[in-house]
Every structure is written in C-alpha cells, then in structure tokens.
1. In terms of solvent-accessible area of protein heavy atoms at a 1.4 angstrom probe, what is the ranking of A:Val242, B:Val18, highest value first?
2. When you look at the Cβ of every residue in B:56-65, what mean number of other chain Cβ atoms sits within 10 Å?
3. Taking a ≥ b ≥ c as the square roots of the eigenvalues of the Cα gyration tensor of segment A:2-55, is the shape rounded (a/c under 1.5), prolate (a/b larger than b/c) or oblate?
4. How far apart, in nm, are the 7 Å Cα→Cβ label points at A:Ala52 and A:Asp153?
5. For chain A, just the Cα atoms, rotate onto the principal axes and tell me the three extents in Å, largest first.
6. Which cross-chain or sequence-distant (5 or more) residues have an amide H under 5 Å from the amide H of B:Cys42, H modelled 1.01 Å from N in plane?
7. Taking θ = phi - 60°, what integer Hz values does the Karplus form 6.51 cos²θ - 1.76 cosθ + 1.60 yield along segment A:59-69, in sequence order, with x for Gly and Pro?
8. Let me understand segment B:3-75 better: what is its radius of gyration from the alpha carbons, and its Dmax, in angstrom?
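The values are calculated or read from the model by the stated rules, or taken from the named source; none is laboratory data. Quantities reported herein were computed from a predicted structural model and do not represent experimental measurements. Here the Cβ positions follow ideal geometry from the backbone for every residue, glycine too, while neighbour counts run over all protein chains shown. For accessibility, only protein heavy atoms count, side chains too; no ligands or nucleic acids. Shrake-Rupley method; radii C 1.70, N 1.55, O 1.52, S 1.80 Å.
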Amino acid sequence: MKPFDYQRAERLEHAGQLVADSGAMAIAGGTNLLDLMKLQVETPATLVDLGALPLDTIAEADGGLRIGALVTNTLTAADARIRGEYPLLARAILAGATQQLRNKATTGGNLCQRTRCYYFTNIDQPCNKRDPGSGCGAIKGIARLHAILGTSDQCIATYPGDMAVAMCALDATVEIAGGDGSTRSVPVRDFHLLPGDTPQRENVLEDGDIITAVLLPPPVSGQQIYRKVRERSSYAFAMCSVAAIVDQADGTITRADLAFGGLAHKPWHDPRIGELLVGAKPSLTLFDKAADLLLENAQGYGENDYKIPLARRALAAALCDATGLTA
Amino acid sequence: MPISINHQPYDLPDDPRVSLLDFIRHDAGQSGTKKGCDHGQCGACTVLVNGVRINSCLSLAVMHDGDEVTTIEGLGTIDQPSALQKAFLEHDGFQCGYCTPGQICSATALIEEIRAGWPSDATGDVEQAPKLTDEEIRERMSGNLCRCGAYPNIIAAIREVAETEL
Ligand SMILES: Cc1cc2nc3c(=O)[nH]c(=O)nc-3n(C[C@H](O)[C@H](O)[C@H](O)COP(=O)(O)OP(=O)(O)OC[C@H]3O[C@@H](n4cnc5c(N)ncnc54)[C@H](O)[C@@H]3O)c2cc1C
Ligand code: SF4
Ligand code: FES
Ligand code: FES
C-alpha cells in the first residue's frame, strides 16, 4: 500500500470538504477500497473515514424507507421492515459476499464498488478504466464475467454488485451531499454510467460528493424475486442476476419492474420489458419476447457468449417464479 | 481511545496502513489469527469486533479506535476451551489447523446471528426467522475456506454446539 494520510470526518460538511481535496477518497466499510489499495489500483493521498457520521439508521420517509449510507448490508437485510415490504432487497444483499463482508459493507460503499475485471485489478495489465488510453485487456482476453449489454470499444466491464440491482428494480433514489453543501437526488437507475469513452467514470458522483442515503419508494404489492446465477452456490459474483417485482390480477400481469445484474456496466433496466409484460397473460412465449427485447443489442466477446442464452433462461425462470407459471 | 484486543488496551499504530490483522499479529503479538489471502476471500483472519465477525485483513487498525476485538485467544484457553473449541477437537474439525481460528470465531458469531434472527441466503422466506439446518450453517460459514476440506466435521461441531445453545 502507498502511504496516505488518515482523517476521520466528524461532520458531513467536514467530510465533503476533506473529500473534495485532490487525491482524497472516502472510506466506509473499506472492504472494496482497501482491497484495491493493497493492489495499488487505488492510491489515495488521503483517506477520509466516514465512520463517525450519523448516517447509520433506517428511518421511515415519505411512505417508504430511508437507508443511511453507513447502514451495513447485514443490518439492512435483517431489518424487519425491509424483510416484510422489500424482501427483494434483503434477498439480493444476502446473495452477495459473505456474512463477514456484509457486516462491514455499507449502502454507499456497495453502490460505489468497482468492477471485478481481472485486468482492472492487475496493474501490470492494460486497462482503460484504471489507466485511460492504455487499452482494454479484456476485449479479446479473459472476459468470462464481462458485459454483453451497453459495452463500448473502450471497456466491457460489469458492475458486479447485487444490492443495487434490487434497488434499480425498486426504483430507489440515491441522496447525495455535494462538497459545496448542496444536496441532490439521483434515481438508482441513473446513478451508474455506461463505459462509453470514459470508463474511468462509473457513476455520477463528482469530487467532494458524499452519498448520504438511499430512499426506497412506498412498498408495492406483488411477488419479489432475486435470482442470481453464479459459478458456485455461495460467495461468488453474479454471472447474471434478475430482480423482479411482478403483480397479477385475474391472470393478467399488472406490474412488472425488472432489473438485471452481471450483464452491463450498470444495473440494467429496460422500460420496454415492463411495458410488454403489463396487460399480458404469463406464458413462456411472452417471457421469450421479453428476453428478445432485453437481448436485442447483446454482444458477446467470446468467453462471455454464454451469458446471452443464460440471461434468456434466467429471465424466464425468474418470471415463472414470480407468476407461478410452471414451465 | 486505545484499541482493546482480548481486553488488553493497545495504542493505535502511527502508520495508518497497518491492517487490523497485522496489528493483532505483530503489534499485539497475538498470532492465533491467521493471514490466508489478505483480500477478504478466505476468512482465515476472521475476528469479532464488538461481537460482530469481520475479515481483519480488510480493515485498518486506525479505524478501530475504542473497539473491543476478540480473537481465538480471547474465546478460551487450553485449560478452559470454549464449547466450540472443544467440539472442533471432538469432531476433528480440522487437519492442518490453519483456517481453524477463523472458523471458530465465525462459528461463535454465527450462533449469535441465528439467535438474533438474522436471515441468510439459505433462509428462503426472509420474513421468517432462520432455522438451524445444515444448509443454513453451510451458507453462513461460506466465508471461511478450508483447504484441507474438513467441512463435514466443521458442520458437525457447529451443529452440536448450536443445538445446545439455541
Ligand atoms: C471476496 C469478496 C466477495 C464479494 N462478493 C460480492 C457479491 O457477491 N456481491 C456484491 O454485491 N458484492 C460483493 N462484494 C463486494 C462488497 O459488497 C463491497 O466490497 C462492499 O459493498 C463495499 O462497501 P464498503 O462500505 O466496504 O465500501 P468501501 O470499500 O469503504 O468503499 C468503496 C467505494 O465507495 C466509496 N464510498 C463509500 N462510501 C461512500 C459514500 N457514502 N459516499 C461516496 N462514496 C463512498 C469509496 O470512496 C470507495 O471508492 C464482495 C467483496 C469481496 C471482498
Ligand atoms: S473491461 Fe474495462 S475494466 Fe476491464 S480491462 Fe477493459 S477497460 Fe479495464
Ligand atoms: S486473510 Fe482475510 S480473508 Fe483471507
Ligand atoms: S484445517 Fe487445514 S485449511 Fe482448514
């Protein structure tokens, strides 16, 4: 690890000022940032510890819930209100990492976790995300976990997290405090960015920005499913995951909010899928048409070609679970 | 405030780079806690911080001002082993023993987590309180790898203690 200064922020405004300094980075649970600092992928001059800020509670807000940025993944998934009204979120969190990691991982840190691309984490390899302009090792390289949707010729990495995929389906909002004292809200669906020509930018945060909370809208009725496909049954990142909230009345779908993980540089949400499903009767043919929309512009890079049929089947399986249709 | 390791106070390190794991092993000289991967992938470094299990390799010592850290040395002694330490011996819950301090710290916390009703990926219906099944134990212990493959005996040891304590 490169040497750095360590500062503990006592108040939010203080944290914003400290993080706005060039070379400064916020640290919450540390489970992603310290890993990357050991690999010298991240070399902050100053670490600003957010741990003392009062952002560690889950409170009722506007009919929904406001989950503080420092609430651990464990406490979010164990919260009775989340388990009762937003089981999708509890399931997605519990499908990720391990108990030890979730005990430290925070709402804010989880949203901002970096890609697990092997070239990104190895400083001897070319990577446009870590070192803009150096090339992309994964295109034509080891790309087993990489994206099939929304890629660019600069970067084909995925956003690896689970929690944000559920938040994307739930249409949650990220609350951000700017270094200048301002606050703003950004839907989770718009928080992460596609790689385009700037793969080094993974989300909308600017220097000095601190995530303060995630707001869940009021609960909705319907089945909530999180289906994660991984290479072993625990402790592995998603090859593909599907978050689905589906409601029905008289055999017809009345709500279908879906989001996908492991397929793109961001949790993937395509509003056309919900539009297709709502008003229709569940059937395998319908689910296949939904997959056609999802995968319309999908592109494989060799090793990850398997994700195209996998995503189709995972989508059908999640919708069967959610609607009670048996294949 | 200092950091407390098994009820002994230590001053925080001057160099913020020191991981909690290195601090426990080197600065505090308590070498029971092991370093496997140093990247959060194996669980050998698992300790309890204020009763909660974490990977000490992915935390900085300076972030634990005022915290109470419990390591394998703090759970029991050779003369007075904890129930889990005894059960690991009785069930042969190890071969080389390298992963064992982390396994036992994890298992100690696991029993409290089930008592508190925290769900896991194996719980199925997350609205319900978890039950003490082998599937639950396996899922909750998935962050502790054992290269010797002592898993069946580790599960047996944990099941026995959890059944009596819960
Ligand atoms: C072995 C392993 C397996 C894992 N498996 C999974 C998995 O299956 N699924 C999954 O989803 N995740 C998985 N993870 C990732 C884990 O979920 C993340 O490491 C964790 O959520 C990060 O949270 P943190 O609080 O520790 O973040 P930190 O490491 O503290 O920070 C991460 C980033 O977020 C920034 N940040 C933190 N808080 C804020 C804030 N409030 N405002 C602005 N920026 C902030 C930091 O500056 C940093 O850039 C795994 C991790 C490991 C090590
Ligand atoms: S896919 Fe993205 S993160 Fe991976 S090597 Fe290419 S540019 Fe880097
Ligand atoms: S040494 Fe910490 S998890 Fe492997
Ligand atoms: S006993 Fe050898 S690694 Fe577990």
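1. B:Val18, A:Val242
2. If you average over the peptide's residues, the count of other-chain Cβ atoms is 5.
3. Here segment A:2-55 falls in the oblate category.
4. Label-label distance for A:Ala52 and A:Asp153, simple model: 5.1 nm.
5. Projected onto its principal axes, the Cα set of chain A covers 60, 48, 33 Å.
6. Result for B:Cys42 returns B:Cys37.
7. Listing the rounded values in order: 10, 6, 8, 6, x, x, 10, 10, 9, x, 4 Hz.
8. So, for segment B:3-75, Rg and Dmax equal 10.7, 29 Å respectively.
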